[in-house]
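Student: Sharing a structure with you now.
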Amino acid sequence: MKSASPELITATTTIDEAVRRHPFTAQVFIRRRMHCVGCDVDRFHSVAEVCRIYGQPLVQFLDELRRVARESGPPVSARAN
């Protein structure tokens, strides 16, 4: 599995992976009216694919995802239980 740390959320990261590791990134999709969170195919679609589908600028979208991920703390799998 690819890492979804803020620095490594890339164009090829799946929506499922990004949101599972950094739950607050879901708000980025919702704010932009992208119906990706909870979609049956979110585990298959990459960030680049959904940006193309929804007509979103990839670089700016990635920047926003990474910023939210960074501000929300460590990835879920890295947090103490």
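Student: Pairs needed: first member in the range 1-20, aromatic (Phe, Trp, Tyr) and in a helix (DSSP H, G or I); second member anywhere, at pLDDT below 80 and open to solvent by 10 Å² or more (accessible area, probe 1.4 Å); C-beta distance under 6 Å; at least 6 residues apart or different chains.
Tutor: Qualifying pairs under 6 Å: none.
Student: Continuing with this model, one more query. Name the single residue that is most open to solvent (accessible area, probe 1.4 Å) among those in the range 1-21 being among the aliphatic types (A, V, I, L, M) and at pLDDT 60 or above.
Tutor: The selected residue is LEU8.
Student: Please verify whether the range 44-52 includes one or more residues that are in contact (Cβ under 8 Å) with a residue 40 or more places away in the chain, in a helix (DSSP H, G or I) and aliphatic (A, V, I, L, M).
Tutor: no
Student: Of the residues VAL41, VAL37, only one is assigned to a loop (DSSP other than H, G, I, E, B), in contact with a helix residue (DSSP H, G or I) (Cβ under 6 Å, 6 or more places away or on another chain), among the β-branched types (Val, Ile, Thr) and free of Cβ contacts under 8 Å to residues at least 40 places away in the same chain; which?
Tutor: Of the residues listed, the single one that is assigned to a loop (DSSP other than H, G, I, E, B), in contact with a helix residue (DSSP H, G or I) (Cβ under 6 Å, 6 or more places away or on another chain), among the β-branched types (Val, Ile, Thr) and free of Cβ contacts under 8 Å to residues at least 40 places away in the same chain is VAL37.
Student: Keeping to the range 43-81, report how many residues are touching a strand residue (DSSP E or B) at 6+ places or on another chain (Cβ under 7 Å) and surrounded by 13 or more Cβ atoms within 10 Å (Cβ to Cβ).
Tutor: Looking only at that region, the number is 2.
The values are calculated or read from the model by the stated rules, or taken from the named source; none is laboratory data. Everything quoted here is computed from the prediction, not taken from an experiment. Ideal geometry is used to build each Cβ from the backbone, glycine not excepted, and the neighbour counts take in all protein chains shown. What goes into the accessible areas is simple: the full protein's heavy atoms, side chains included, and nothing from ligands, DNA or RNA. Shrake-Rupley method; radii C 1.70, N 1.55, O 1.52, S 1.80 Å.
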